[in-house]
Amino acid sequence: MEGSVESRTSHEVDNWLRWLPRWHPGTHRTRARLCRQCFGSPVIAAAGLTEDVPHAVQHALAMRMKIVVDASVDEYTEQHLPLLSRELRLDEVRRARRVYRPTEGLDPEHRGLDLDPPTPKDSPYLFTFGELAGLPNPDDSDELDVPAPPLSADEKAAVLREVAIADAYAAEAGRRLCVELARHRLRMRAAVAEFVEPQVQALLADLESTLDSPHWRRES
Ligand SMILES: [Zn+2]
(Lines give C-alpha, C1' and ligand atoms only; values in the text may rest on other atoms or scores of the structure.)
Protein backbone atom coordinates (compact mmCIF):
# COMPACT_ATOMS: atom_id res chain seq x y z
CA MET A 1 0.00 0.00 0.00
CA GLU A 2 1.57 3.18 -1.26
CA GLY A 3 0.13 5.41 1.41
CA SER A 4 0.80 3.51 4.63
CA VAL A 5 2.09 5.60 7.52
CA GLU A 6 5.19 3.42 7.63
CA SER A 7 6.08 3.77 3.96
CA ARG A 8 5.40 7.49 4.02
CA THR A 9 7.56 7.91 7.11
CA SER A 10 10.42 6.01 5.56
CA HIS A 11 10.06 8.04 2.36
CA GLU A 12 10.19 11.35 4.25
CA VAL A 13 13.19 10.17 6.26
CA ASP A 14 14.90 9.57 2.90
CA ASN A 15 13.99 13.10 1.81
CA TRP A 16 15.32 14.54 5.06
CA LEU A 17 18.56 12.58 4.66
CA ARG A 18 18.95 13.95 1.14
CA TRP A 19 18.44 17.46 2.46
CA LEU A 20 20.79 17.14 5.44
CA PRO A 21 24.12 17.55 3.58
CA ARG A 22 22.90 20.95 2.39
CA TRP A 23 22.31 22.19 5.92
CA HIS A 24 24.63 24.95 7.14
CA PRO A 25 24.59 26.83 10.40
CA GLY A 26 23.07 30.21 9.95
CA THR A 27 21.03 29.30 6.91
CA HIS A 28 18.06 29.60 9.22
CA ARG A 29 17.41 32.50 11.51
CA THR A 30 17.42 31.63 15.16
CA ARG A 31 14.09 31.84 16.91
CA ALA A 32 13.42 33.92 19.94
CA ARG A 33 10.81 31.54 21.28
CA LEU A 34 10.71 27.81 21.72
CA CYS A 35 9.30 26.08 18.67
CA ARG A 36 5.99 24.43 19.46
CA GLN A 37 6.51 21.97 16.66
CA CYS A 38 9.80 20.67 18.05
CA PHE A 39 10.04 21.35 21.76
CA GLY A 40 9.14 18.19 23.64
CA SER A 41 8.11 16.55 20.37
CA PRO A 42 7.67 12.76 20.57
CA VAL A 43 8.74 12.67 16.92
CA ILE A 44 12.14 14.20 17.65
CA ALA A 45 12.53 11.86 20.63
CA ALA A 46 11.60 8.82 18.53
CA ALA A 47 14.18 9.87 15.96
CA GLY A 48 16.80 10.11 18.70
CA LEU A 49 17.54 13.72 17.80
CA THR A 50 16.72 15.44 21.07
CA GLU A 51 20.28 16.08 22.23
CA ASP A 52 22.88 18.30 20.59
CA VAL A 53 21.05 18.69 17.30
CA PRO A 54 20.47 22.19 15.93
CA HIS A 55 16.86 23.25 15.87
CA ALA A 56 16.76 23.77 12.09
CA VAL A 57 17.76 20.14 11.62
CA GLN A 58 15.10 18.92 14.06
CA HIS A 59 12.53 21.23 12.58
CA ALA A 60 13.03 19.99 9.04
CA LEU A 61 12.29 16.48 10.24
CA ALA A 62 9.33 17.51 12.39
CA MET A 63 7.72 19.28 9.43
CA ARG A 64 8.25 16.29 7.17
CA MET A 65 6.63 14.05 9.77
CA LYS A 66 3.72 16.47 10.00
CA ILE A 67 3.24 15.98 6.27
CA VAL A 68 3.01 12.23 6.87
CA VAL A 69 0.33 12.52 9.54
CA ASP A 70 -1.63 15.17 7.65
CA ALA A 71 -1.61 13.17 4.43
CA SER A 72 -2.68 9.99 6.22
CA VAL A 73 -5.49 11.74 8.07
CA ASP A 74 -6.67 13.50 4.89
CA GLU A 75 -6.77 10.22 3.03
CA TYR A 76 -8.61 8.44 5.83
CA THR A 77 -11.10 11.29 6.15
CA GLU A 78 -11.80 11.28 2.45
CA GLN A 79 -12.37 7.53 2.39
CA HIS A 80 -14.25 6.96 5.62
CA LEU A 81 -15.67 10.21 6.99
CA PRO A 82 -18.06 11.65 4.40
CA LEU A 83 -19.63 14.35 6.58
CA LEU A 84 -16.32 15.74 7.78
CA SER A 85 -14.96 15.59 4.22
CA ARG A 86 -17.88 17.64 3.01
CA GLU A 87 -17.45 20.25 5.75
CA LEU A 88 -13.74 20.55 5.01
CA ARG A 89 -14.42 20.95 1.30
CA LEU A 90 -17.01 23.66 1.90
CA ASP A 91 -14.68 25.43 4.29
CA GLU A 92 -11.93 25.37 1.68
CA VAL A 93 -14.25 26.81 -0.96
CA ARG A 94 -15.40 29.54 1.42
CA ARG A 95 -11.84 30.47 2.30
CA ALA A 96 -10.69 30.49 -1.32
CA ARG A 97 -13.53 32.81 -2.23
CA ARG A 98 -13.13 35.30 0.53
CA VAL A 99 -12.25 38.62 -1.08
CA TYR A 100 -11.19 41.77 0.65
CA ARG A 101 -14.23 43.49 2.11
CA PRO A 102 -13.12 46.72 3.77
CA THR A 103 -16.59 47.47 5.12
CA GLU A 104 -16.80 44.28 7.14
CA GLY A 105 -15.46 43.84 10.64
CA LEU A 106 -15.12 47.54 11.37
CA ASP A 107 -15.54 48.84 14.88
CA PRO A 108 -18.98 50.42 15.37
CA GLU A 109 -17.35 53.86 15.46
CA HIS A 110 -16.12 53.49 11.91
CA ARG A 111 -19.11 51.88 10.29
CA GLY A 112 -20.94 53.88 7.68
CA LEU A 113 -18.21 56.50 7.32
CA ASP A 114 -16.51 57.32 4.07
CA LEU A 115 -13.94 54.65 3.48
CA ASP A 116 -11.33 56.99 2.07
CA PRO A 117 -9.92 60.18 3.49
CA PRO A 118 -10.51 63.29 1.37
CA THR A 119 -8.22 63.24 -1.63
CA PRO A 120 -5.54 65.92 -1.51
CA LYS A 121 -5.31 67.90 -4.73
CA ASP A 122 -2.79 66.65 -7.29
CA SER A 123 -2.11 63.38 -5.50
CA PRO A 124 -4.51 60.83 -6.85
CA TYR A 125 -4.76 57.50 -5.10
CA LEU A 126 -3.74 54.50 -7.09
CA PHE A 127 -6.84 52.83 -5.76
CA THR A 128 -9.40 53.67 -3.14
CA PHE A 129 -11.02 51.52 -0.50
CA GLY A 130 -14.33 52.68 -1.87
CA GLU A 131 -13.47 51.17 -5.23
CA LEU A 132 -12.35 47.96 -3.62
CA ALA A 133 -15.54 47.74 -1.61
CA GLY A 134 -17.55 48.31 -4.76
CA LEU A 135 -15.80 45.61 -6.75
CA PRO A 136 -18.04 42.68 -7.41
CA ASN A 137 -16.99 39.41 -5.90
CA PRO A 138 -15.85 37.44 -8.96
CA ASP A 139 -17.71 34.43 -7.64
CA ASP A 140 -20.94 36.12 -6.69
CA SER A 141 -22.76 34.42 -9.51
CA ASP A 142 -21.40 31.01 -8.62
CA GLU A 143 -23.86 28.72 -6.93
CA LEU A 144 -21.13 27.45 -4.60
CA ASP A 145 -21.02 30.87 -3.04
CA VAL A 146 -24.57 30.52 -1.81
CA PRO A 147 -24.14 29.68 1.87
CA ALA A 148 -25.00 26.11 2.69
CA PRO A 149 -28.04 25.74 4.96
CA PRO A 150 -27.00 25.55 8.61
CA LEU A 151 -26.54 22.09 10.02
CA SER A 152 -29.22 20.66 12.26
CA ALA A 153 -28.27 19.58 15.79
CA ASP A 154 -28.21 15.95 14.64
CA GLU A 155 -25.99 16.75 11.68
CA LYS A 156 -23.64 18.74 13.89
CA ALA A 157 -23.39 15.86 16.32
CA ALA A 158 -22.66 13.49 13.43
CA VAL A 159 -19.88 15.77 12.13
CA LEU A 160 -18.40 16.02 15.64
CA ARG A 161 -18.40 12.22 15.91
CA GLU A 162 -16.40 12.08 12.69
CA VAL A 163 -14.02 14.77 14.01
CA ALA A 164 -13.39 12.60 17.08
CA ILE A 165 -12.72 9.59 14.83
CA ALA A 166 -10.30 11.66 12.74
CA ASP A 167 -8.52 12.81 15.92
CA ALA A 168 -8.17 9.25 17.13
CA TYR A 169 -6.87 8.24 13.72
CA ALA A 170 -4.31 11.09 13.80
CA ALA A 171 -3.10 9.97 17.24
CA GLU A 172 -2.76 6.39 15.99
CA ALA A 173 -0.94 7.57 12.86
CA GLY A 174 1.44 9.58 15.08
CA ARG A 175 2.10 6.53 17.23
CA ARG A 176 2.84 4.32 14.23
CA LEU A 177 5.03 7.05 12.75
CA CYS A 178 7.14 7.15 15.92
CA VAL A 179 7.54 3.37 15.94
CA GLU A 180 8.66 3.47 12.32
CA LEU A 181 10.93 6.46 12.91
CA ALA A 182 12.76 4.63 15.69
CA ARG A 183 13.72 2.01 13.10
CA HIS A 184 15.59 4.69 11.14
CA ARG A 185 17.36 6.11 14.17
CA LEU A 186 20.79 4.70 13.37
CA ARG A 187 21.04 6.05 9.86
CA MET A 188 19.68 9.40 10.98
CA ARG A 189 22.20 9.70 13.81
CA ALA A 190 24.97 8.63 11.45
CA ALA A 191 24.00 11.34 8.97
CA VAL A 192 23.90 13.97 11.74
CA ALA A 193 27.38 12.83 12.86
CA GLU A 194 28.65 13.09 9.30
CA PHE A 195 27.09 16.34 8.09
CA VAL A 196 25.99 18.35 11.09
CA GLU A 197 28.40 17.74 13.95
CA PRO A 198 31.59 18.79 12.11
CA GLN A 199 29.94 22.09 11.23
CA VAL A 200 28.80 22.65 14.79
CA GLN A 201 32.29 21.84 16.06
CA ALA A 202 33.83 24.23 13.53
CA LEU A 203 31.42 26.92 14.64
CA LEU A 204 32.31 26.39 18.29
CA ALA A 205 36.04 26.43 17.51
CA ASP A 206 35.53 29.65 15.58
CA LEU A 207 33.67 31.19 18.46
CA GLU A 208 36.38 30.16 20.88
CA SER A 209 39.15 31.70 18.80
CA THR A 210 37.11 34.88 18.42
CA LEU A 211 36.70 35.10 22.17
CA ASP A 212 40.43 34.46 22.61
CA SER A 213 41.41 37.16 20.17
CA PRO A 214 42.88 40.42 21.47
CA HIS A 215 39.75 42.29 20.40
CA TRP A 216 37.82 40.51 23.05
CA ARG A 217 40.43 40.72 25.81
CA ARG A 218 39.27 42.92 28.55
CA GLU A 219 41.66 45.75 29.18
CA SER A 220 42.62 45.72 32.80
ZN1 LIG B 1 10.86 23.63 15.26
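The values are calculated or read from the model by the stated rules, or taken from the named source; none is laboratory data. Not measured: the values here are computed from a predicted model. Please note that ligands, DNA and RNA were not included when accessible areas were found on the heavy atoms of the full protein model with its side chains. Shrake-Rupley method; radii C 1.70, N 1.55, O 1.52, S 1.80 Å.
In table form, for the structure just shown:
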{"quantity": "Karplus (6.51, -1.76, 1.60) ³J(HN,Hα), θ = phi - 60°, over the stretch 93-98, in Hz, Gly and Pro reported as x", "calculated": "4, 4, 5, 5, 8, 5"}
{"quantity": "For residue 11, solvent-accessible area (1.4 Å; no DNA, RNA or ligand), Å²", "calculated": "100 Å²"}
